[in-house]
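S.K.: First the structure, then my questions, so here it is.
Please treat every number below as a calculation from the coordinates, not as lab data. All figures in this text were calculated on a predicted structure; none of them were measured in a lab. Don't worry about glycine lacking a Cβ; one is built from the backbone with ideal geometry, like all the others, and counts go over all protein chains shown.
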Amino acid sequence: MSQGNFLGTRKGLVIGTLSFTLFFTNSCGYNSIQVQDEQVKAAWSEVINMYQRRADLIPNLVNTVKGYAAQEKEVLIEVTKARASVGSVQATPEVLNNPELFAKFNQAQGQMTSALSRLMVVVEKYPDLKSDKSFIGLQAQLEGTENRIAVARNRYITSVQEYNITVRTFPNVITAKIFGYDVKPNFSVENEKEISKPPQVQF
C-alpha cells in the first residue's frame, strides 16, 4: 500500500469515527443526558445553599428566644439538636448518587422544619419577644429563606423527574448504562406540599 493510500485510509477512519461519535451522542441522547445531569446538580446546589442559609439563622434565633423564654428548654434543645443533625449529613453532590444518604438528608431537614414550627408556636406566648427588633429581623429572614427553600425543592423535583425519564427511556437507557448515568433520588411528591410549607412565622 502506497503512503498516499495509507494516509487516505487513515483519514477516512478518523472522519468515520468522528462522524459515528457525533451521530451516537446526538441520536442516542448523550448530550441530553449530560445537560439534564448538570441541571440536576445546579438545582441540588441551590437546595443545599438555601438549607445552609436557614441553618445559619438558627443560633441567633435560639439565643434571641432564650433571652425572653429561657424556661422553654425543651423546644430550644429540640431546635439545637435538629440543627446538629442537619450538620451531620454531608450534603455533597455525591448525595445524588446515594438514595440512602439522600433520605437521611431529607429526614434531617424535615425534623428541622418541624422543630422550627414548634418554636414559633412557643413564641406566641411571649408578646415582648414578638416585638423585639432582633427577633422581627430574624423572623423576616427565616420566612424569606423558607420560601426560597420551597422554590428550590420544586425546581429540584422537576429537574430530577425530567432527568429520570430521559435515562429510563429508549434509546437513552442504553447510553445511560454505557456512561454510568443512573436514576437520581427525589423528594417525595406525596408529602411535598406539607413538607415544603414554611413554619408559621407571621404574627
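S.K.: When the dipole is taken about the Cα centre of the range 31-195, and only Lys, Arg (+1) and Asp, Glu (-1) are charged at their Cβ, what size is it in debye, to the nearest 20? Mind dumping the intermediate values first?
M.R.: On the way: 19 positive and 19 negative charges, 30 e Å.
Here the size comes out at about 140 debye.
S.K.: Which three numbers, in whole Å and largest first, are the semi-axes of the equivalent ellipsoid of the range 92-135 derived from its Cα gyration tensor as √(5λ)?
M.R.: 35, 11, 4
S.K.: Moving on to the next point. Can you pull out the GluC sites (Glu not before Pro) in the range 104-161 whose DSSP state is coil and whose Cβ has at most 16 other Cβ atoms within 10 Å? List each step's numbers first, then the result.
M.R.: Numbers: sites: 124, 143, 146; in loops: 124.
In loop regions of the range 104-161 (DSSP not H, G, I, E or B), the sparsely surrounded GluC sites (Glu not before Pro) are 124.
S.K.: Residue-wise, which Karplus ³J(HN,Hα) couplings in Hz belong to the range 68-85, taking 6.51 cos²θ - 1.76 cosθ + 1.60, θ = phi - 60°, and x for glycine or proline?
M.R.: Ordered by residue, 3J(HN,Hα) equals 10, 9, 4, 6, 7, 4, 4, 6, 5, 5, 4, 5, 5, 5, 4, 5, 5, 5 Hz.
S.K.: Can you flag which of 81/125; 41/66; 41/104 are past 30 Å Cα-Cα? Write down the numbers at each step before the final one.
M.R.: On the way: 81/125 22 Å; 41/66 38 Å; 41/104 18 Å.
Flagged as over cut-off: 41/66.
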